[in-house]
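All remarks here apply to the structure that follows.
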Amino acid sequence: MNNFEEYCTQFVQNIGNKEGAVSPEITASASFAYVDAQTAEGIFNGSIKKPLYSRMGNPTTAKLEAVMAEMDGGIGAIATSSGMGAVTLSTMSLLSSGDEIISIGGLFGGTYSLFSETLPRFGITTHFFDVDELDAIKKTINDNTKIIFCESVGNPNMRLPDIKKIADIASDAGVVLIVDNTITPMSIKPLELGADIVVYSTTKIISGNASALGGCAVFRAINDEDDKFKTQRYKDIHKFINKMGTIALIANAKKRALRDFGMSASAHSSYQTMLGLETLALRMDRIISSVERVAMELEKAGIKVNHPSLESNNQNSKYKELFSKGCGTLLTIDMGTKEKAFNFLNKSKLATLTANIGDNRTLALHMASTIYSDFNKEQKEFLGITEGLIRISIGLENPQDIIDDFIKAAA
């Protein structure tokens, strides 16, 4: 039985049309005509639900957003031009100078750079913790803490957070929890675990074919009664709550980020992403099965492998308890030195060397010389980047072909 069988019907039925063109239409227009002045006024004040301007949303993108929101059980979603666009939108729509972020676990290099280099230029501070430093995290929360941020699986250190425990900490403190679920769509349901916002780079496994750059942020509804967003900590968005009610987080993000920063998704990218979504459940199930098999066989061959499914891995018990549907497409191997890592990559006939992950093809990259090449020694140590580390994203190929190729390349 497919681990994600429920989504097979949901995706293809919601993306395809029952009348006219079966495939989603691409609305290739930057602007929209309003018929008359009264309609224009209504569109701008929100009383008329028609397209305003493509920087604020596009009909093709709106269809993608609806499918993504349903996938995660959110009240709505905003698609963006990239995964970093989604991270920036979700954070900057809530932050002001003087605010603080708590970042937990392994972190994609782009997000780490945003938090450690760019946001400090605007007076925003980030505190970094490992996934199990829960007591230290509790002690660090203060009146300026606006966001707790974590990835569902550390990229590339493969550390697994207990999202439910982290969500409980965030809830007790009245702080927003944002989870980057790029590696584990469908496997992990952050909103059900207590997160407030979920972000994705849809460029990865969701589209799966390296043809469409994109991102998405999915939001929970504002509660009718008590809600952390109604406290003084988030007073800047109270006007949106008063006007928009349950969908206030979407209105806030569109006005305070999408409109002003311009990380809007293109209609063509949204269309291509939806084509990938139609087969996501089938691809994800196969890839998770292949990842576990490849990790096990490479370890048997004497290769130093990092994947939580392995009995030897210190994350294995957490994997079995919290990640019953897998933890995505990634594993890492450590060849010990840069020279040996380069030799492995150059000898492999199957892996595509690229900075992407979650593709239909198996991908590989040496971390220290590429994405993390300008990080200092302390930063690399915190993020688990060693000189021989290779990040591998398993694809749809026959897993035995991957195993055979990698064992030969490592010899």
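Read-outs throughout are calculated quantities, based only on the coordinates presented, and are distinct from any laboratory measurement. Please read these numbers as outputs of a predicted model, since none were measured by experiment. Counting neighbours? That spans all protein chains shown, and the Cβs are built from the backbone with ideal geometry, glycine included.
Numerical summary
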quantity	calculated
Inter-label distance, nm, simple model (7 Å from Cα along the C-beta direction), Thr354/Ser23	2.0 nm
Given Lys139/Lys165; Lys165/Lys255; Lys377/Lys408; Lys304/Lys347, the pairs whose alpha carbons are separated by over 25 Å	Lys165/Lys255; Lys377/Lys408
Using a Förster distance of 22 Å, the FRET efficiency for Glu225-Ile75 (Cβ separation, nearest 0.05)	0.90
Structure-derived semi-axes √(5λ) of the Cα gyration tensor in Å - corresponding label in [x] 37, 23, 20; [y] 37, 29, 22; [z] 36, 26, 19	[z]
Largest to smallest principal axis extent of the C-alpha atoms in the stretch 281-339, angstrom	38, 25, 19
Zone residues, the stretch 338-355, relative to Lys408, backbone N less than 17 Å from point 7 Å out along Cα-to-Cβ	343-353
Calculated [θ] (222 nm, deg cm²/dmol) that DSSP helices of n ≥ 4 give over the chain, each run adding -39,500 (n - 2.57)	-10500 deg cm²/dmol
DSSP beta bridge pairing in the chain, given as percent antiparallel to the nearest 5	50 percent
Stokes-Einstein D (µm²/s) once Rh is taken as the Kirkwood radius of the stretch 263-374 over alpha-carbon pairs, at 10 °C in 1.306 mPa s	99 µm²/s
Choice from Ala253, Ala364, Ala355 showing the highest fluctuation, given a GNM over the chain with Cα pairs closer than 10 Å	Ala355
Förster-model FRET efficiency, 51 Å R0, Gln38 and Lys338, C-beta, rounded to 0.05	0.20
Too-long pairs where the Cα-Cα distance tops 21 Å, listed order kept, from Lys146/Lys254; Lys189/Lys325; Lys204/Lys318	Lys204/Lys318
Projected label distance in nm at Asp162 and Leu345, using a 7 Å step from Cα toward the beta-carbon	3.7 nm
Contour minus Cα-Cα distance for Glu117 and Cys8 (0.36 nm per residue)	35.2 nm
Segment Met296-Ser373, length gained on full extension (0.36 nm per residue, minus Cα span)	24.8 nm
Model label zone, Asp236; criterion: amide N under 15 Å from point 7 Å along Cα-to-beta-carbon; scope the stretch 155-177	176
Gain in span if fully extended, Arg286 to Ile48, counting 0.36 nm per residue against the direct Cα distance	81.3 nm
Gap separating the Cα centres of the stretch 42-120 and the stretch 222-294, nearest whole Å	6 Å
Mean Kyte hydropathy of -1.0 or more with a Cα span along the axis of at least 18 Å, helices from DSSP in the chain	59-72, 280-300
